[in-house]
Amino acid sequence: MDSNKLNKLLIAFAVILFILLISGVIKANILIIAAYLSIIIGIGLFYSSNIKKHLAGVVIGSIIFLSGSVMFVFTKYEIVGLGKIFVPAALFVLGVSLLAGNLLIRINKASLILSILIIMGGVWLVWDKGNANMGLFYSAVFAILKNYWLIIILTAAVIGLISYWFNKRTDKMN
C-alpha cells in the first residue's frame, strides 16, 4: 500500500469516526477521540515517511503516535499525580521518537546518544520523583500484557507481514 492510499484511508477513517461521534452512535470523551486520531495519524505519517526515508516525518509521526498512546493511557487509567508523570512521559516520547528516526533512516552518533540520554532522563525522573519500584513495574507490565496480549500479537503479525511484503516488493524492483 503506497502512502497516498494509506493517507486517504486514514482520512476516511477519521471522517467516519467524526460522523459516528456527531450522530451519537459512539459516545466517547473528546480526549479518547483525540488519542485514537493521534495514534492513527501518527502511524500514517510514520509509515509514509519511513517509505520515503524522511527523517523529520518519521520522528514527528512517532511523536504524534506516542503522544496519542500517552493520552490513551491517561484517559483509560486513573493516574495519580499526572503532573509528576507528564514531564518524564514527554522526555520518553521524544527520546524514543529520536531513537526510531536514528535506527530507521540514518544513524547519527550524536543524535543516537542524545536520544538515549533523553530516554534515560525520563526513566530517571520517574524513579527519582515517584514511588515506583521494579515489583510495581513488573506487575503493571504483566497487567497490560494480560489485557492486551491479543492486540499485541496481531499488531506484531501485521507489522511483520507489511515488512515482509515491502521487502519482497523492493527486492523485485532491484
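What the table below lists for this structure:
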read-out	value
Helix-only CD estimate at 222 nm, as mean residue ellipticity for the chain, using -39500 (n - 2.57) per DSSP H run (n ≥ 4)	-30500 deg cm²/dmol
Potential extension, residue 78-residue 159 segment - 0.36 nm per residue separation minus Cα distance	26.2 nm
Size of the stretch 3-132 as Cα extents on the principal axes (Å, biggest first)	47, 41, 13
The chain: relative contact order in percent, alpha carbon pairs under 8 Å with at least 6 residues between	16 percent
Label-point separation, residue 5 to residue 124 (7 Å along Cα→Cβ), nm	4.7 nm
Rounded to whole Hz, the Karplus (6.51, -1.76, 1.60) HN-Hα couplings of the stretch 141-151, x for glycine and proline	5, 4, 5, 5, 4, 5, 7, 10, 4, 5, 5
Label-to-label distance, nm, for residues given as residue 116 and residue 18 (7 Å Cα→Cβ offset)	4.3 nm
Residues in the stretch 62-106 that a label on residue 28 would reach, taking backbone N under 11 Å of a point 7 Å out along Cα→Cβ	72
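Just so you know, all these numbers are worked out from the coordinates, no wet-lab data involved. Quick caveat: nothing in here was measured; it's all calculated off a predicted structure. Every residue, glycine among them, receives a Cβ derived from its backbone with ideal geometry; neighbour counts consider all protein chains shown.
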